[in-house]
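What follows is a short report on a single structure.
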Amino acid sequence: MPRTGSPMTGPTDLDALVREYAPSGDDASHREALRSLETGRLAWQRSEFRPGHFTASGFVASPDGASLLLIHHARLDRWLQPGGHIEAHDSSVEAAARREVAEETGIADLERIGVGLLRIDAHPIPERPDEPSHIHIDLGIGFRSTSDVIGPLDEVLDARWVPFGDLLTHGVDEAVLASAATLWQLLMNDPSP
(Lines give C-alpha, C1' and ligand atoms only; values in the text may rest on other atoms or scores of the structure.)
Protein backbone atom coordinates (compact mmCIF):
# COMPACT_ATOMS: atom_id res chain seq x y z
CA MET A 1 0.00 0.00 0.00
CA PRO A 2 1.50 3.37 -0.93
CA ARG A 3 2.19 6.03 1.64
CA THR A 4 -0.75 8.35 2.24
CA GLY A 5 -0.71 12.12 2.55
CA SER A 6 0.40 15.01 0.41
CA PRO A 7 3.19 14.14 -2.04
CA MET A 8 4.84 17.46 -1.11
CA THR A 9 5.10 16.46 2.56
CA GLY A 10 8.13 14.46 3.56
CA PRO A 11 10.34 12.28 1.39
CA THR A 12 8.72 11.15 -1.83
CA ASP A 13 11.31 8.42 -2.43
CA LEU A 14 11.04 6.51 0.86
CA ASP A 15 8.69 3.76 -0.36
CA ALA A 16 10.73 3.06 -3.49
CA LEU A 17 14.07 3.04 -1.65
CA VAL A 18 12.83 0.52 0.91
CA ARG A 19 11.02 -1.71 -1.60
CA GLU A 20 13.94 -1.76 -4.07
CA TYR A 21 16.56 -2.42 -1.39
CA ALA A 22 18.25 -5.84 -1.53
CA PRO A 23 19.10 -6.88 2.05
CA SER A 24 22.58 -8.12 2.85
CA GLY A 25 22.60 -9.44 6.38
CA ASP A 26 19.93 -6.95 7.48
CA ASP A 27 16.91 -9.00 6.41
CA ALA A 28 15.03 -8.52 9.70
CA SER A 29 15.45 -4.74 9.50
CA HIS A 30 14.25 -4.76 5.89
CA ARG A 31 11.16 -6.77 6.86
CA GLU A 32 10.45 -4.26 9.66
CA ALA A 33 10.75 -1.40 7.16
CA LEU A 34 8.33 -3.10 4.77
CA ARG A 35 5.84 -3.70 7.60
CA SER A 36 5.99 0.00 8.48
CA LEU A 37 5.20 0.94 4.90
CA GLU A 38 2.18 -1.39 4.92
CA THR A 39 0.52 0.58 7.75
CA GLY A 40 -0.46 3.28 5.24
CA ARG A 41 0.63 5.95 7.72
CA LEU A 42 3.36 8.54 7.20
CA ALA A 43 5.96 6.31 8.80
CA TRP A 44 8.69 8.97 8.65
CA GLN A 45 6.89 11.24 11.13
CA ARG A 46 8.57 11.48 14.52
CA SER A 47 5.16 11.06 16.19
CA GLU A 48 4.67 7.60 14.63
CA PHE A 49 5.40 5.08 17.43
CA ARG A 50 3.64 1.90 16.26
CA PRO A 51 5.94 0.26 15.60
CA GLY A 52 8.18 3.29 15.05
CA HIS A 53 9.42 5.63 12.36
CA PHE A 54 12.07 5.99 9.69
CA THR A 55 15.22 8.02 10.25
CA ALA A 56 18.00 8.98 7.82
CA SER A 57 21.77 8.69 8.21
CA GLY A 58 24.74 9.78 6.16
CA PHE A 59 27.73 7.48 5.91
CA VAL A 60 30.34 10.01 4.79
CA ALA A 61 33.77 9.14 3.43
CA SER A 62 36.61 11.64 3.62
CA PRO A 63 37.68 13.35 0.38
CA ASP A 64 40.50 10.80 -0.07
CA GLY A 65 38.12 7.90 0.66
CA ALA A 66 40.29 6.60 3.52
CA SER A 67 38.14 7.53 6.52
CA LEU A 68 34.54 7.57 7.74
CA LEU A 69 32.93 10.53 9.50
CA LEU A 70 31.76 9.62 13.01
CA ILE A 71 30.00 11.70 15.65
CA HIS A 72 30.09 11.23 19.40
CA HIS A 73 26.39 11.22 20.27
CA ALA A 74 25.71 13.19 23.46
CA ARG A 75 22.68 11.31 24.83
CA LEU A 76 23.86 7.83 23.85
CA ASP A 77 27.56 8.46 24.66
CA ARG A 78 28.54 6.41 21.58
CA TRP A 79 30.30 6.92 18.27
CA LEU A 80 27.86 6.72 15.37
CA GLN A 81 27.29 7.98 11.86
CA PRO A 82 25.55 11.37 11.64
CA GLY A 83 21.79 11.11 11.23
CA GLY A 84 18.41 11.67 12.75
CA HIS A 85 14.73 12.28 12.23
CA ILE A 86 13.17 13.01 8.86
CA GLU A 87 11.27 16.29 8.69
CA ALA A 88 8.27 17.38 6.61
CA HIS A 89 10.40 19.70 4.45
CA ASP A 90 12.82 16.89 3.50
CA SER A 91 11.85 16.09 -0.09
CA SER A 92 13.86 12.85 -0.11
CA VAL A 93 15.67 10.49 2.23
CA GLU A 94 18.90 11.81 0.73
CA ALA A 95 17.87 15.40 1.58
CA ALA A 96 17.16 14.35 5.18
CA ALA A 97 20.54 12.62 5.46
CA ARG A 98 22.34 15.65 3.96
CA ARG A 99 20.58 17.99 6.39
CA GLU A 100 21.44 15.82 9.39
CA VAL A 101 25.12 15.58 8.37
CA ALA A 102 25.31 19.38 8.00
CA GLU A 103 23.50 20.04 11.29
CA GLU A 104 25.67 17.65 13.28
CA THR A 105 29.08 18.18 11.68
CA GLY A 106 29.00 21.39 9.65
CA ILE A 107 29.82 19.41 6.49
CA ALA A 108 27.41 20.37 3.73
CA ASP A 109 29.23 19.76 0.44
CA LEU A 110 28.64 16.07 -0.20
CA GLU A 111 28.79 13.88 -3.30
CA ARG A 112 26.36 10.96 -3.35
CA ILE A 113 27.97 7.52 -3.51
CA GLY A 114 25.70 4.80 -4.87
CA VAL A 115 22.07 5.16 -5.90
CA GLY A 116 20.16 3.18 -3.27
CA LEU A 117 20.43 2.57 0.44
CA LEU A 118 23.65 1.30 1.99
CA ARG A 119 21.76 -0.46 4.74
CA ILE A 120 18.57 -0.53 6.79
CA ASP A 121 18.97 -0.78 10.56
CA ALA A 122 15.85 -1.20 12.72
CA HIS A 123 16.72 -0.81 16.39
CA PRO A 124 14.74 -0.24 19.59
CA ILE A 125 14.56 3.17 21.26
CA PRO A 126 13.80 3.02 24.99
CA GLU A 127 10.89 4.85 26.56
CA ARG A 128 11.50 8.46 27.58
CA PRO A 129 9.32 10.80 29.62
CA ASP A 130 7.82 12.30 26.44
CA GLU A 131 7.86 9.20 24.18
CA PRO A 132 6.93 5.53 24.45
CA SER A 133 9.45 2.88 23.47
CA HIS A 134 9.51 2.46 19.71
CA ILE A 135 11.69 1.47 16.77
CA HIS A 136 13.94 3.63 14.64
CA ILE A 137 14.24 2.27 11.12
CA ASP A 138 17.39 3.96 9.94
CA LEU A 139 17.99 4.37 6.21
CA GLY A 140 21.69 4.80 5.42
CA ILE A 141 22.85 6.86 2.43
CA GLY A 142 26.46 6.94 1.17
CA PHE A 143 28.41 10.15 0.54
CA ARG A 144 31.91 11.47 0.00
CA SER A 145 32.77 14.88 1.45
CA THR A 146 34.61 17.39 -0.72
CA SER A 147 36.29 18.88 2.38
CA ASP A 148 37.85 17.39 5.49
CA VAL A 149 36.99 20.45 7.62
CA ILE A 150 34.57 19.59 10.43
CA GLY A 151 32.54 22.09 12.43
CA PRO A 152 31.15 24.00 14.03
CA LEU A 153 29.64 21.38 16.32
CA ASP A 154 26.42 22.34 18.07
CA GLU A 155 24.49 19.08 18.39
CA VAL A 156 27.18 16.49 19.16
CA LEU A 157 30.06 16.09 21.63
CA ASP A 158 32.66 15.49 18.93
CA ALA A 159 33.06 14.55 15.27
CA ARG A 160 36.09 13.12 13.52
CA TRP A 161 37.40 11.28 10.52
CA VAL A 162 38.21 7.70 11.50
CA PRO A 163 40.20 5.50 9.12
CA PHE A 164 38.06 2.61 7.89
CA GLY A 165 40.53 0.16 9.45
CA ASP A 166 40.23 1.81 12.89
CA LEU A 167 36.43 1.85 13.30
CA LEU A 168 36.45 -0.89 15.95
CA THR A 169 38.64 1.30 18.20
CA HIS A 170 35.65 3.65 18.47
CA GLY A 171 33.27 0.88 19.57
CA VAL A 172 30.92 1.17 16.60
CA ASP A 173 28.22 -1.48 16.29
CA GLU A 174 27.73 -4.12 13.60
CA ALA A 175 25.31 -1.96 11.60
CA VAL A 176 27.90 0.84 11.30
CA LEU A 177 30.61 -1.65 10.36
CA ALA A 178 28.43 -3.27 7.69
CA SER A 179 27.45 0.11 6.23
CA ALA A 180 31.07 1.25 6.25
CA ALA A 181 32.07 -1.94 4.41
CA THR A 182 29.41 -1.32 1.74
CA LEU A 183 30.52 2.30 1.37
CA TRP A 184 34.16 1.18 1.09
CA GLN A 185 33.24 -1.23 -1.71
CA LEU A 186 31.38 1.50 -3.58
CA LEU A 187 34.35 3.85 -3.19
CA MET A 188 36.71 1.20 -4.58
CA ASN A 189 34.49 0.93 -7.67
CA ASP A 190 34.04 4.71 -8.06
CA PRO A 191 36.33 6.28 -10.69
CA SER A 192 36.28 9.77 -9.09
CA PRO A 193 39.20 10.78 -6.80
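Quick notes
- Across segment 88-185, the relative contact order, built from alpha-carbon pairs under 8 Å that are at least six residues apart, equals 29 percent.
- Dipole moment magnitude, nearest 20 debye, segment 11-110 about Cα centre, only Lys, Arg, Asp, Glu C-beta charged: 360
- Accessible area of segment 136-193 belonging to carbon and sulfur atoms, whole % at 1.4 Å probe: 56
- Taking the DSSP beta bridges with both ends in the chain, the antiparallel portion is around 70 percent.
- Per residue, the chain exposes an accessible area of 48 Å² to a 1.4 Å probe, with every protein chain left in place.
- Only Cα sites of segment 47-115 enter the Debye sum here, all with the same form factor; the resulting log10 I(q)/I(0) across q = 0.19, 0.20, 0.23 1/Å is -0.80, -0.88, -1.09, listed in q order.
- Residue 170-residue 125 pseudo-label distance in nm [points 7 Å out on the Cα-to-Cβ vector]: 2.2
- Its Cα centre serving as origin, segment 43-193 has a Cβ charge dipole (Lys and Arg +1, Asp and Glu -1) of approximately 240 debye.
- For the pair residue 185 and residue 75, label points projected 7 Å from Cα toward Cβ lie 3.3 nm apart.
- Sequence of 17, 168, 177 from largest to smallest accessible area, 1.4 Å probe: 168, 177, 17
- Proportion of all alpha-carbon pairs of the chain beyond 28 Å (%): 21
The values are calculated or read from the model by the stated rules, or taken from the named source; none is laboratory data. What you see is a predicted model, and the numbers here were worked out from it, not measured in a lab. Here Cβ is always computed from backbone atoms with ideal geometry, including for glycine, and neighbour counts include all displayed protein chains. Quick note on the areas: whole protein, heavy atoms, side chains included, nothing else; ligands and nucleic acids left out. Shrake-Rupley method; radii C 1.70, N 1.55, O 1.52, S 1.80 Å.
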